2 protein chains.
Amino acid sequence: MPETKKIDPALLDRLRAIVGPSGHIDDPADMEPYVAEWRGRYRGATPLVLRPATTQELSDVMRTCAEAGVPVVPQGGNTGLVGGSIPSADNSEVLISLSRMNKIREMDPLNYTVTVEAGCVLQTLQQAAADVDRLFPLSLGAEGTCQIGGNISANAGGTMTLRYGNTRDLVLGLEVVLPDGQIWNGMRRLRKNNTGYDLKHLFIGAEGTLGFITAAVLKLFPRPKQVETGFLAVRDPDAAIELLASLRSASGDSLSAFELMPRIALDFALKHVAGTIDPLSEPFPWYVLLELSTGTGGDAFRETIEAALGEAMEAGLVQDATLASSEAQAKQLWFIREAIVEAQKYEGGSIKHDISIPVSCVGSFIAQATEAVERTIPGARPVPFGHVGDGNIHFNVNQPVDADTEAYLAQWDKLNEVVHDIVLSMDGSISAEHGIGTFKREELQRVKSPVELDLMRRIKATLDPQGLMNPGKVL
Amino acid sequence: MPETKKIDPALLDRLRAIVGPSGHIDDPADMEPYVAEWRGRYRGATPLVLRPATTQELSDVMRTCAEAGVPVVPQGGNTGLVGGSIPSADNSEVLISLSRMNKIREMDPLNYTVTVEAGCVLQTLQQAAADVDRLFPLSLGAEGTCQIGGNISANAGGTMTLRYGNTRDLVLGLEVVLPDGQIWNGMRRLRKNNTGYDLKHLFIGAEGTLGFITAAVLKLFPRPKQVETGFLAVRDPDAAIELLASLRSASGDSLSAFELMPRIALDFALKHVAGTIDPLSEPFPWYVLLELSTGTGGDAFRETIEAALGEAMEAGLVQDATLASSEAQAKQLWFIREAIVEAQKYEGGSIKHDISIPVSCVGSFIAQATEAVERTIPGARPVPFGHVGDGNIHFNVNQPVDADTEAYLAQWDKLNEVVHDIVLSMDGSISAEHGIGTFKREELQRVKSPVELDLMRRIKATLDPQGLMNPGKVL
């Protein structure tokens, strides 16, 4: 890593000159949204925010920084949860945002692809695809603010991965400015290409530590014509996973969401979030919110699902169920999912885990982790929910009732270690979708094998020998 | 690259001792299937074929070779088409086959994954998945012989990529022995994992030049319950691509194959391959063989497809069509696809191209490439066919009638260059699914950008600093 030092004012002037008057910000008040994280957990400082307008401008900026040994921090919509887009606090790094590079360069409905610049807001991209009767399936809470370049750098997950995969799976081509300012043009619109090493996958999910993603070619899909949304009570997490496997098979793999939540989560939502309704007539210990979508439509699809759920009820997997009969009802069911995230804030401190395990281990993980919480912090209240269709559980643990919040949160690292050890015993991941950033950087060193860490370090040293790309993140 | 030299006999003895008596072959006759390619185009020589029984044995072998600076050639089922698994001719490399490491380590139907060793034959794996009511969708001509480790190293394509992607898209985890003998355990059975650089994608498609894949975790899918197979006459390639886009949408993305073929290909098959039948009542210039599959079944699916094809006929895209009404009929339609590959052999020399372009450029590519062939070798007969659903065309060009085959084939490189230049103008790939090996190594240097070649070389130098992994392949 480069030695921390003040950036030469003359260099800052050269950078300002490259991007022109509308391409930089140095007023502290105007820089505020760039150096602070939206939740207030991370805060950095930079002498200069650059907003280049073209790939060539960024290339010139990067070459200039590389020659001077000045580190840079790439930033998308600044919606991440692990501090990956926040500069260090010592004013030693230049922050670069591509929010002015937000054009959709080409929409190709016949090829089912879109070519887009990194600064394009996700929702804008979703809408542009819909306008030509196509689906861009990436969907997540921050979609009105986050930028596609950040989504790719973070390999964002979201609610549709069960059907369409993670962001990584949606990328066909990339344009990247390398740490030395060279431009790698990998903007291929191809479904098949076996001509050497697949470089794009190195930059996807690297959180801006290997290069600067400036544009991408992304896959589009046919728009679903019919969506069925259901809310079910299930016996336990094991039953949920059995139901998931059989529904994938019975529905022709048309599940697009499968979210597990415990009763306590619904209780929190009913208590704290106005508009939450329990759609079933009595309480149950576990629930699944599911969505299935088809491109063909017609009554047959709903009948197939009803039949499969009927069988699951007879088999004792499902205890009660409701299928939305209108879009408004479907929205109400999805509202529960959003409300349970919101509601946890009102129950005091919450120690969080964004983990994944094999889908077949979900039941066992929840049981073991719940027991471990009880052993470690008696009275703490686990709220395990999330995208279990992908084996991704947001294992959040609310403080014991009436406990001191600060004292509770002081046990964050201790509880993380206990829960992560269970994850590791199942060959799971300590960051399923949120990434590493600065937040999990130390823990990464603990949980990854020396061989894997060594490979990652060698790749970092090869692509970014000066260590100028987003220092202090990931590795 | 290491200097070519004879391998020290004492070292060969040490390698023999690591794998034991049943783990090595040094009789020239027994080594024959390992050093010769099945079509007879490539031939090498090695003093020793090693067949380790465990990852640890391979690790010991690789460490021993690395310490002595001896290069190794990984080999799967030896079914590749670009010479990637054949050693050099000078006896300087040890050949390693994992055919004894062929176990299915774990089948996990609930997680929709299988954990398998590299030497497992593809067909065995397909069958094991079917036995637990799951689909492993990779399917290609050599499936009775090729091994999954080779498929992953080559990122094999095949007939089902339109729906399920390439081999790369089916891999969740890998175990790799690195060039220095270290074992990287990346055997994760996870759908989501954002904990640093995605190392597995480096080894997938690297053709054994960065490390030795020993095992993998692969995705499984629900088995389709209903398959519809059709053979259509289309106006021209542009019409085929329009039809493809609208059928993806109308069928809810259930197309699993979409193969284009010209009349000349069918003529060749009717003339040379017994059992080929023209399923339509009169000749047409272009045909599409398509397959759609669904996991739900029922009459509705076929009705949807019939309606979509009816609309395409009214729009003039489709001129005639037949949908198979039995499995036997479907097999007969697929037989045409196999027969047209076979039949080209009986029409003299054929200069081949395995290219891909954006799907929306298929019509334009075929027109331009056909014109270029006519200009370059008047009378030569293009037979452009293949997986156009992926933009992958096997642009084979048969010699002019009565031309001298040897003189014709002498123009291979010249024609390749002309056709590849058209591919490059469309940002296409000169090797869509067959890889680089030794066959396209020189051409790769011509067509890739200096930036991309440099990145590839830096990665190779980082992971394999001595250049001992499959030298002379890819780079």
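The values are calculated or read from the model by the stated rules, or taken from the named source; none is laboratory data. Being a predicted model, the structure only gives us computed values, none of them experimental. No Cβ is skipped: glycine too gets one built from the backbone with ideal geometry, and neighbour counts run over all protein chains shown.
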Checking A:Val383 against (1) within 21 Å of the chain's Cα centre (by Cα); (2) in a helix (DSSP H, G or I): exactly one of these is not met. Which one?
(2)
Filtering segment A:408-430 for residues that are among the charged types (D, E, K, R) and either in contact with a Leu (Cβ under 8 Å, 6 or more places away or on another chain) or outside the structural domain of A:Ile393 (by TED's automatic domain parsing) (or both) leaves a count of 1
B:Phe301: modelled with pLDDT under 95 and in a helix (DSSP H, G or I), yes or no?
yes
Which ones in segment B:319-361 are in a strand (DSSP E or B), over 24 Å from B:Val373 (Cα atoms) and not hydrophobic (A, V, I, L, M, F, W, C)?
B:Gln319, B:Asp320, B:Thr322
Taking the conditions exactly as written (touching a helix residue (DSSP H, G or I) at 6+ places or on another chain (Cβ under 9 Å) and modelled with pLDDT of 95 or more), does B:Pro109 satisfy them or not?
yes
For the structure I just gave you, tell me whether A:Ile366 is outside the structural domain of A:Leu415 (by TED's automatic domain parsing), closer than 24 Å to A:Arg248 by Cα and not small (Gly, Ala, Ser).
no
Answer with yes or no whether B:Ser449 is crowded, with 19+ Cβ neighbours inside 10 Å, of a type in the set (Ser, Thr, Tyr) and facing another protein chain (nearest Cβ under 10 Å).
no
All but one of (1) closer than 22 Å to B:Cys146 by Cβ; (2) away from every other protein chain (no Cβ under 14 Å) hold for B:His394, so report the exception by its number.
(2)
What is the residue count in segment B:199-256 for residues that are outside any helix (DSSP H, G or I), within 7 Å of chain A (Cβ to nearest Cβ) and out of contact with any strand residue (DSSP E or B) (no Cβ under 7 Å at 6 or more places or on another chain)?
2
A:Arg51 versus (1) basic (Lys, Arg); (2) touching a helix residue (DSSP H, G or I) at 6+ places or on another chain (Cβ under 8 Å); (3) within 21 Å of A:Leu463 (Cα to Cα): which is the lone unmet condition?
(3)
Sole miss for B:Pro465 among (1) in a helix (DSSP H, G or I); (2) within 30 Å of A:Asp454 (Cβ to Cβ) is condition (1)
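One line per residue, one yes/no per condition, for (1) surrounded by 16 or more Cβ atoms within 10 Å (Cβ to Cβ); (2) of a type in the set (Asp, Glu); (3) within 14 Å of chain A (Cβ to nearest Cβ):
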residue	(1), (2), (3)
B:Asp402	no, yes, no
B:Glu406	no, yes, no
B:His420	yes, no, yes
B:Asp427	yes, yes, yes
B:Glu433	yes, yes, yes
Against the condition assigned to a loop (DSSP other than H, G, I, E, B), surrounded by 15 or more Cβ atoms within 10 Å (Cβ to Cβ) and within 11 Å of chain A (Cβ to nearest Cβ), how does B:Gly472 come out, does it pass?
no
A careful count of residues in segment A:252-270 that are within 30 Å of B:Leu255 (Cα to Cα) and of a type in the set (Phe, Trp, Tyr) gives 1
Is it true that B:Thr296 is within 26 Å of B:Thr161 (Cβ to Cβ), outside any loop (DSSP other than H, G, I, E, B) and modelled with pLDDT under 95?
no
Scan segment B:102-117 and give yes if some residue there is touching a Phe, Trp or Tyr at 6+ places or on another chain (Cβ under 8 Å) and within 30 Å of A:Val388 (Cα to Cα), otherwise no.
yes
Selection within segment B:313-333 - in contact (Cβ under 8 Å) with a residue 12 or more places away in the chain and either of a type in the set (D, E, K, R) or buried (at least 18 other Cβ atoms within 10 Å of the Cβ) (or both):
B:Leu317, B:Val318, B:Gln319, B:Asp320, B:Ala321, B:Leu323, B:Ala324, B:Ala330, B:Leu333
Need the failing condition index for B:Pro378 against (1) touching a residue at least 12 places away in the same chain (Cβ under 8 Å); (2) part of a helix (DSSP H, G or I), just the number.
(2)
Filter segment A:334-365 down to the residues that are more than 14 Å from chain B (Cβ to nearest Cβ) and under 20 Å from A:Val447 (Cα atoms), then identify the one that is surrounded by the most Cβ atoms within 10 Å (Cβ to Cβ).
A:Ile351
Taking segment A:40-54 and keeping only residues that are within 17 Å of A:Met101 (Cβ to Cβ) and buried (at least 20 other Cβ atoms within 10 Å of the Cβ), one is left with A:Val49, A:Leu50, A:Arg51, A:Pro52
Kindly indicate whether B:Glu306 is among the acidic types (Asp, Glu) and without any contact (Cβ under 8 Å) to a residue 24 or more places away in the chain.
yes
What's the number of the condition B:Ile183 fails, among (1) out of contact with any Gly (no Cβ under 7 Å at 6 or more places or on another chain); (2) under 30 Å from B:Pro52 (Cα atoms); (3) crowded, with 22+ Cβ neighbours inside 10 Å?
(3)
Among the residues of segment B:265-285, is any charged (D, E, K, R) and either within 26 Å of A:Tyr164 (Cβ to Cβ) or surrounded by 20 or more Cβ atoms within 10 Å (Cβ to Cβ) (or both)?
no
State yes or no: is B:Thr113 on the phi < 0 side of the Ramachandran plot and either surrounded by fewer than 22 Cβ atoms within 10 Å (Cβ to Cβ) or more than 14 Å from chain A (Cβ to nearest Cβ) (or both)?
no
Quick test of your reading of the structure: B:Gly389 fulfils all but one of (1) within 12 Å of chain A (Cβ to nearest Cβ); (2) under 26 Å from B:Ser449 (Cβ atoms); (3) small (Gly, Ala, Ser). Name the failing condition by number.
(2)
What do you reckon, is A:Gly196 facing another protein chain (nearest Cβ under 7 Å), out of contact with any Leu (no Cβ under 6 Å at 6 or more places or on another chain) and under 30 Å from A:Arg100 (Cβ atoms)?
no
